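One structure is given here, and the rest of the page talks about it.
The values are calculated or read from the model by the stated rules, or taken from the named source; none is laboratory data. Keep in mind that what you see is a predicted model, and the values were worked out from it rather than measured. As a convention, Cβ positions derive from the backbone with ideal geometry for all residues, glycine included, and neighbour counts pool all protein chains shown.
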Amino acid sequence: MARRWDGVCKRFGHQHALGSTPIEMKHKHERVLRIETTTRGVTSFTRYRKVAGGSPGSHPHRWAPIRKALHNLPALSGAMGACNRRYLGHISAFEDRTQERHKLSQETESVPDERGNSHRGVNSFAAGELRFRHAILRGEHN
């Protein structure tokens, strides 16, 4: 069963992308298992390295794209690890609304009375229910 999230509809997680670099948060049974970054274009990441050019005999250093080569894997790993840490820091700033969702579900679910009759919950988003609540707040229930 697929679930929809802010990002892409995935079966077991969230996915966000910036260009050719997606970051996925994969989970199972509503528990985060891992955050992983993959890329199809390593040149979107940069590192401070020697760059050819400049005056003869000098080897200037500047920020340049990471080249697609085996010896650049440590630099690429560091850049992708930094992406994961920033993403984790971003999602850690979200507030936990579990208690509010629990209270809302208690208010909106049907409740049986002592005779076994079921009374429906209040749907705060329905127009009629909203007018009913405003009338109670204005004191029109007397």
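General observations
- Taken over region 86-106, the criterion of being under 13 Å from the mean Cα position of the chain (by Cα) and surrounded by 10 or more Cβ atoms within 10 Å (Cβ to Cβ) is satisfied by 86, 87, 88, 90, 91.
- The test for being within 30 Å of residue 44 (Cα to Cα), in a helix (DSSP H, G or I) and of a type outside the set (Lys, Arg) holds for residue 89.
- Residue check, residue 74 without any contact (Cβ under 8 Å) to a residue 12 or more places away in the chain, surrounded by fewer than 12 Cβ atoms within 10 Å (Cβ to Cβ) and part of a loop (DSSP other than H, G, I, E, B): no
- Residue in region 98-106 that is closer than 30 Å to residue 20 by Cα and hydrophobic (A, V, I, L, M, F, W, C) present: no
- Single residue of region 39-60 satisfying the filter (in a loop (DSSP other than H, G, I, E, B), in contact with a strand residue (DSSP E or B) (Cβ under 9 Å, 6 or more places away or on another chain) and among the hydrophobic types (A, V, I, L, M, F, W, C)) that is surrounded by the fewest Cβ atoms within 10 Å (Cβ to Cβ): 51
- Residues of region 86-142 classified as in contact (Cβ under 8 Å) with a residue 40 or more places away in the chain and of a type in the set (A, V, I, L, M), total: 2
- Residue 34 satisfies every condition listed in (1) at pLDDT below 85; (2) more than 27 Å from the chain's Cα centre (by Cα); (3) not aromatic (Phe, Trp, Tyr) except (2).
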